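The values are calculated or read from the model by the stated rules, or taken from the named source; none is laboratory data. Keep in mind the model is a prediction, meaning the values are calculated, not measured. For neighbour counting, all protein chains shown are included, and Cβ atoms are generated from backbone atoms with ideal geometry for every residue, glycine included.
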Amino acid sequence: MWAIFFRSSGFVEAVALEERKTVTADRYTRVCLPKVITAIESQREKTGIRGILLHHDNASLHTANRTRGVLENSGFKTLLHPPYSPDLAPCHFWLFPRLKDQLRGGSSTNEELRGALFQAIRDIPKEEWKKCFDNWFTRMKKVLIVRESILKIFNGQFYYYYLTCRSMSKLFQCPSYKHIERYIYSLKNYVF
């Protein structure tokens, strides 16, 4: 299993994860993030991490206090991700399906798989990475466009409905109105 990091201009880093082991915030901050930081700094010699917005899903290792602390100390700014929304994560709607299609049935050993994975990533044209982010922004804009009509009070609790490309609406409970507004505000600053 691999943690794969990329930008709109292309691949950044892939970090091998230990087989049959849960990835914890400790491992993520000790192993994955230092490699990503080093890779970004080598790709952006003049600016380094400055100006980079990191987006990842709401897995507990991504939202842990330890992870947030390391990201803040490293200079990363993070973009919030709505709960239960894999269809709004570029890895889930674009990269993983693409790699699965290319790698299916081809490799029998870990080394062969590793080589095939990196070759498949290298073969993705720069324009395709950019298209992925354009598609992501379009998906996020759909959330913003309908935000006024999608916030509803039901039985005294707040619910947030959002549009996706796969289905017209999905329901999830939010702890507070402020949580929703913070998310929408962060998207607004990033997308526009």
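On the stretch given as segment 70-97, residues that are in contact with a His (Cβ under 8 Å, 6 or more places away or on another chain), without any contact (Cβ under 8 Å) to a residue 60 or more places away in the chain and closer than 19 Å to residue 29 by Cβ total 2.
Tallying residues that are exposed (fewer than 11 other Cβ atoms within 10 Å of the Cβ) and more than 22 Å from the chain's Cα centre (by Cα) within segment 86-134 yields 7.
If you go through segment 16-30 and keep only what is of a type in the set (A, V, I, L, M, F, W, C) and at pLDDT 90 or above, you end up with just 25.
How many residues, within segment 9-59, are outside any loop (DSSP other than H, G, I, E, B) and closer than 17 Å to residue 129 by Cβ?
12
In segment 98-110, is there at least one residue being modelled with pLDDT under 90 and within 23 Å of residue 29 (Cα to Cα)? No.
Remark: pairs (first residue in segment 5-27, of a type in the set (D, E, K, R); second residue outside any strand (DSSP E or B) and buried (at least 18 other Cβ atoms within 10 Å of the Cβ); Cβ separation under 7 Å; 6+ apart in sequence or on different chains) = 13/36. Scanning segment 58-85 for residues that are buried (at least 17 other Cβ atoms within 10 Å of the Cβ) and not aromatic (Phe, Trp, Tyr) returns 61, 62, 67, 70, 71, 74, 78, 81, 82, 85.
Step by step: first the residues of segment 60-78, then only those that are part of a helix (DSSP H, G or I) and of a type in the set (Val, Ile, Thr), then the one that is nearest to residue 89 (Cα to Cα). Which residue is that? I'd like the intermediate steps shown before the answer.
Step one: list which residues in segment 60-78 are part of a helix (DSSP H, G or I), which gives 60-63, 65-74.
So of that shortlist, the ones also of a type in the set (Val, Ile, Thr) come out as 63, 67, 70.
On the way: 63: 15, 67: 19, 70: 22 Å.
Ranking the candidates gives 63 first.
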